[in-house]
């Protein structure tokens, strides 16, 4: 009976070691999507990015590791705004340098969990359109 318990303990230990070896810090800590809250003044602006459309205030959910995203913000009576979410390395990637080494770094890059988007939130004040009609 005892040999069976020892064998199970060894198998569990090996599984734990394999799990730790084949994951990176960002892969453990991050979700597959980046959440970017969007706030506009005035609210209820239409926000379009990566084929996704929302009305502010709302949170965008965008795939990690797909590069930069172009954001369009529109509301009737206001100028259209064009912004960009820039891809960057996630802060958890530094955990690989400290704990996971090159293997963890490689896994996070391959699985795309090692990327984030900047800025982390969008706050935008829309500008009213001018009618062009002024004093003579």
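Any idea how many residues of region 61-85 are assigned to a strand (DSSP E or B) and in contact (Cβ under 8 Å) with a residue 40 or more places away in the chain? The number of residues fulfilling the criteria is 9. Restricting attention to region 108-122, does a residue exist that is buried (at least 16 other Cβ atoms within 10 Å of the Cβ), more than 14 Å from the chain's Cα centre (by Cα), modelled with pLDDT of 95 or more and closer than 16 Å to residue 40 by Cβ? No, region 108-122 contains no residue that is buried (at least 16 other Cβ atoms within 10 Å of the Cβ), more than 14 Å from the chain's Cα centre (by Cα), modelled with pLDDT of 95 or more and closer than 16 Å to residue 40 by Cβ.
Give me a count of the residues in region 71-89 that are over 19 Å from residue 127 (Cα atoms) and modelled with pLDDT of 90 or more. Spell out the reasoning first.
Start the filter on region 71-89 by keeping residues that are over 19 Å from residue 127 (Cα atoms), which leaves 85-89.
Add one more test, that the residue is modelled with pLDDT of 90 or more, and what stays is 85-86.
Number satisfying all stated conditions: 2.
The values are calculated or read from the model by the stated rules, or taken from the named source; none is laboratory data. What you see is a predicted model, and the numbers here were worked out from it, not measured in a lab. Every residue, glycine among them, receives a Cβ derived from its backbone with ideal geometry; neighbour counts consider all protein chains shown.
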